[in-house]
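S.K.: Dumping the structure here so I can ask a few things about it.
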Amino acid sequence: MQTLIKTSIMQLLELYRQDPRADKLNLTAGIYMDESGTCPILDSVREAEAFRVQNQSSKATFNLTGAPDYQQAVRTLLFPNMGGSGETHHVQVIQTLGASGALHLVGKLVNHYTPNAKIWLSAPTWENHPAVLNSHAGGFGHYRYLPAHLDEVSLDTILADLESAKPGDYVLLHACCHNPTGMDLNLSQWTKMADFCAERHLIPLFDFAYQGFAHSPERDAELFDAFKERVDRFLICNSFSKNMGLYDERIGALTLVFKEEEQALDWNNTAKRLIRSSYSMPPTHGSFIVSHILNDPDRCARWQQELAGMCNDLHTRRAAFFTELANAGIQDQVLTYRQQQGMFVMLNLSEQQIDTLRERSGIYLLGNGRISIASLRTEMMPRFVEALKSVI
Ligand code: LMR
């Protein structure tokens, strides 16, 4: 039997495509599928695209870091309450190819300004994090991301591991829907994390690929208030792949949140040079869709409803899956957490059990036990749970 523990999502997808079995089940990538097995195009997105086709008058573009309308849309989505005279930080939004493109740009920026700085990653983390950040030379540190109990991540373990970080190092944090565990810090833990970063002069770097999938776009962004109150600078990499279903547009942003305006502008200028010397300019179709929706209150409300629909569906599916596990009497063996958010659930399975599921039943999940609940239709759950039971 082929051992796939080191196999990436892309390799697993290729194997899945080649698998001739009709009842094969793909639980690998974080892509929202509805109960009919389709990754839907949102109505709000269709409308924005139709509007563009009707009204676009030119294809000329000269915005290295994205159009001002797009930057405004992202700024408001990340910081709904921003503005007014009490503002402490300067915010620069840079359009990128999804959150991955933003992370890649961060790697280059870190390398430009502080080539010896380390970037600290959670263990486990998204398998592609080291690769997209590898344009920086300072290397990686790792902090363990472990359960304190069924309902909570152990912040003590995280902070104990980050004791070894040096001032100026970056800490990559998953703002919500931690990938792969699905288990997030709560607001009081985020506040402690912000205090810790402030005391140690560590720079928080947020991967925010799943905004809106834990609670709502606004609530999922609340943690940033704690960081704005405490730290001098932080970076946010967000994406519209998941929350607008714009997977194929590769649209996201790197947002610089800096107390010092001069520094923010300098970073922004460096980003412009890096962009110009790599892909020259970003595309505009995805960014148009995003700003068309977010900058209009009615369209934005409609999108939020569609997003809430996907989010509620995931909560319902997760609950149904947990019930199936409980009914089969294997819930305690299989689950580490009970309070996950977003698209993923981690299962306590050995490499061999994961291989057996794939070989014997055509069920594909990641080698670390992560499944995408967003791809698990309710009607498939009994079969999946039956197969799980058979390998335990
Ligand atoms: C995932 O973790 O499944 C997603 O982020 C999709 C990807 O590109 O890996």
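S.K.: Could you list, ordered by first residue, the pairs with Cβ atoms under 6 Å in which the first is in the range 179-197 and farther than 20 Å from GLU163 by Cα and the second is more than 16 Å from the ligand (Cβ to nearest atom) and assigned to a loop (DSSP other than H, G, I, E, B), at least 6 apart or interchain?
M.R.: What qualifies is MET183/TYR337.
S.K.: Quick check on my filter: what residues within the range 24-60 are in contact with a Gly (Cβ under 8 Å, 6 or more places away or on another chain) and away from the ligand (no atom under 16 Å from the Cβ)?
M.R.: LYS24, PRO40, ILE41, LEU42, VAL45
S.K.: I'm trying to understand the selection: among the residues of the range 309-335, which are touching a residue at least 60 places away in the same chain (Cβ under 8 Å), of a type in the set (Gly, Ala, Ser) and within 18 Å of GLY182 (Cβ to Cβ)?
M.R.: ALA320 - this is the single residue of the range 309-335 that is touching a residue at least 60 places away in the same chain (Cβ under 8 Å), of a type in the set (Gly, Ala, Ser) and within 18 Å of GLY182 (Cβ to Cβ).
S.K.: Collect the residues in the range 107-153 that are away from the ligand (no atom under 16 Å from the Cβ), under 15 Å from HIS174 (Cβ atoms) and either surrounded by fewer than 20 Cβ atoms within 10 Å (Cβ to Cβ) or under 16 Å from the mean Cα position of the chain (by Cα) (or both), keeping them in residue-number order.
M.R.: HIS142, ARG144, LEU146
S.K.: Of all the strands (runs of 3 or more DSSP E) wholly in the range 107-156, which have at least 1 residues that are over 19 Å from MET346 (Cβ atoms)?
M.R.: Of the strands (runs of 3 or more DSSP E) lying wholly inside the range 107-156, those with at least 1 residues that are over 19 Å from MET346 (Cβ atoms) span 119-123, 140-144.
S.K.: While we're looking at this one, here's another question. Of the residues in the range 174-187, how many are under 16 Å from PRO147 (Cα atoms) and either among the β-branched types (Val, Ile, Thr) or away from the ligand (no atom under 16 Å from the Cβ) (or both)?
M.R.: Going through the range 174-187 one residue at a time, the tally reaches 3.
S.K.: Which of (1) within 16 Å of the ligand (Cβ to nearest atom); (2) at pLDDT 95 or above does LEU4 not meet, given it meets every other one?
M.R.: It is condition (2) that LEU4 fails.
S.K.: Would you confirm whether or not the range 71-84 contains a residue that is away from the ligand (no atom under 16 Å from the Cβ) and under 21 Å from VAL171 (Cβ atoms)?
M.R.: Yes, the range 71-84 contains a residue that is away from the ligand (no atom under 16 Å from the Cβ) and under 21 Å from VAL171 (Cβ atoms).
S.K.: Now a separate question. Kindly provide the set of residues from the range 323-350 that are among the aliphatic types (A, V, I, L, M) and either surrounded by fewer than 13 Cβ atoms within 10 Å (Cβ to Cβ) or within 16 Å of the ligand (Cβ to nearest atom) (or both), ordered by number.
M.R.: Passing the criteria: MET343, VAL345, MET346, LEU347.
S.K.: Just to be sure before I move on: is PRO167 of a type outside the set (A, V, I, L, M, F, W, C), touching a His at 6+ places or on another chain (Cβ under 6 Å) and in contact (Cβ under 8 Å) with a residue 24 or more places away in the chain in the structure I sent?
M.R.: yes
S.K.: Here's something else I'd like to know. Quick one: is GLN353 under 24 Å from the mean Cα position of the chain (by Cα), at negative phi and surrounded by 13 or more Cβ atoms within 10 Å (Cβ to Cβ)?
M.R.: no
S.K.: Let me ask you something else. In this structure, is GLY309 small (Gly, Ala, Ser), more than 16 Å from the ligand (Cβ to nearest atom), part of a loop (DSSP other than H, G, I, E, B) and surrounded by fewer than 17 Cβ atoms within 10 Å (Cβ to Cβ)?
M.R.: No: the conditions fail for GLY309.
S.K.: Tell me whether the range 251-263 contains one or more residues that are loosely packed, with under 15 Cβ neighbours inside 10 Å and in contact with a strand residue (DSSP E or B) (Cβ under 6 Å, 6 or more places away or on another chain).
M.R.: yes
The values are calculated or read from the model by the stated rules, or taken from the named source; none is laboratory data. Here the structure is a predicted model, which means the values were calculated and not measured. Quick reminder, even Gly has a Cβ in these numbers, built from the backbone with ideal geometry, and neighbours come from all protein chains shown.
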